[in-house]
Amino acid sequence: MTLSHHYQQHLSVEDVLGQVAEHFPAGPSFFELAPLDQLHIGGIKASARLIDLLDAQTHPRVLDIGAGVGGLMRQAAEVGFELVGLDITHGFNRLNQGLSALSKLENRAQCVTGDATHLPFADASLDAVLFQHSFLNMPDGPMVLKECRRVLRPGGRLVMHEVVSGPNSDAMTYPVPWAEDSAHSHLVSADTLKTQLSEAGFSLLHFQDWSQDALAWRQRQREKETQSTRQARLSPQLVFGERFITMGKNLVTNLADEAIKVVEIEASC
């Protein structure tokens, strides 16, 4: 199974865009889209914390690597950034672009299908790079970070909201949203990630462990998912199918068992 197949095997781009257009004929806000497009631990608040590490005046042009269906991109575009999203899953990019058009943000949030180890951007052409639950799918992390360093201008920023391996990584339970099994899960420890950033030429400015907040948030989401008496108009199941129920349960287990951690990083070049 390819990584793209894992993510888009249950996805019908046309059906999802049709449902969004039907439910929100005047155009959806990023709050209304959040159950569908903020496919990471922490939701809108986690994205806001990541965006707050950057300044649209000093770092206006931003690349979101592993942009998924674009929730972080549209949220950042709403506060003045110009976003380019890159994802290896073409179905996600089609949905991302369609949702941006429905949100009337297509001029500030565009996307391209590509590989993070060969970024299709010129040297020193970008102000900032974002990762949100995407570095964990990349088998050659050092090469990805080297490419980030290449495309960032001097003084550029790299910010991450990432899942890393925890002290009990052997207890990892699958499936999780980013992988059916270990084949596509490329978690490294926080210390290894810091080392890889340094070796790629980045200076660490900020590091924070979000794991306890992440567990509390995921537990609340799990309660909503299991106690709801009606199907939400938009939900991660439109992307992942019914398997998301098990994925969500396993996220709680993995966080509680410290098989995974969630961290926030800011680095400069």
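Read the figures in this text as sums done on the coordinates, not as results from a lab. The shown structure was predicted, so the numbers you read here are calculated from the model rather than taken from an experiment. Cβ atoms come from the backbone with ideal geometry, glycine included; neighbour counts cover every protein chain shown.
Taking amide hydrogens as placed 1.01 Å from N in the peptide plane, the amide H of Gly156 sits under 5 Å from those of Cys269, each at least 5 positions away in sequence or on another chain. So what's Rg/Rh here for the chain, counting alpha carbon atoms and using the Kirkwood radius for Rh? Across the chain, the Cα-based Rg/Rh ratio is 0.94. Between Leu33, Val62, Ser203, the Cα set farthest toward the positive side of the dipole of the chain (charges on each charged residue's Cβ, about the Cα centre) is that of Leu33. Build a GNM of the chain with springs between Cα atoms under 10 Å apart, and of Gly27, Gly42, Gly91 the one that fluctuates most is Gly27. Each Lys and Arg Cβ is given +1 and each Asp and Glu Cβ -1; about its Cα centre, the chain then shows a dipole of about 380 debye. Comparing His40, His133, His118 in a Gaussian network model of the chain (Cα springs below 10 Å), the most mobile by mean-square fluctuation is His118. Amide hydrogen proximity for Val112: with H placed 1.01 Å from N in the peptide plane, the residues at 5 or more positions away or on another chain lying under 5 Å are Gly85, Leu86, Asp87. Residues in the range 233-243 carry Karplus couplings, in order, of 4, 10, 7, x, 5, 5, 9, 9, x, 5, 5 Hz; the curve used is 6.51 cos²θ - 1.76 cosθ + 1.60 with θ = phi - 60°, and Gly or Pro positions show x. Exposure proxy shown here: for His206, His184, the number of other Cβ atoms within 10 Å sets the order, fewest to most, as His206, His184. The Cα atoms of the range 91-246 give a gyration tensor whose axes a ≥ b ≥ c have a/c of 1.5 or more with a/b no greater than b/c, which makes the shape oblate. Straight-line cross-link reach from Lys146 at under 20 Å between alpha-carbon atoms covers these aspartates and glutamates, not counting any fewer than eight positions away in the same chain: Asp64, Asp87, Asp115, Asp123, Asp127, Glu162, Asp191, Glu199, Glu264, Glu266.
Taken along its principal axes, the alpha carbon cloud of the range 1-94 reaches lengths of 39, 35, 22 Å, longest axis first.
For the chain, adding -39500 (n - 2.57) for each run of n ≥ 4 DSSP H residues and dividing by the number of residues yields -12000 deg cm²/dmol at 222 nm. Of the beta bridges in the chain, as assigned by DSSP with both residues counted there, near 45 percent are antiparallel. In this simple spin-label model, placing a label point 7 Å from the Cα along the Cα-to-Cβ direction at both Gln19 and Gln212 gives a separation of 3.6 nm. For the range 45-56, 3J(HN,Hα) computed residue by residue from phi via the Karplus equation (6.51, -1.76, 1.60; θ = phi - 60°) reads 5, 5, 5, 4, 5, 5, 4, 5, 6, 10, 10, 5 Hz, glycine and proline entered as x.
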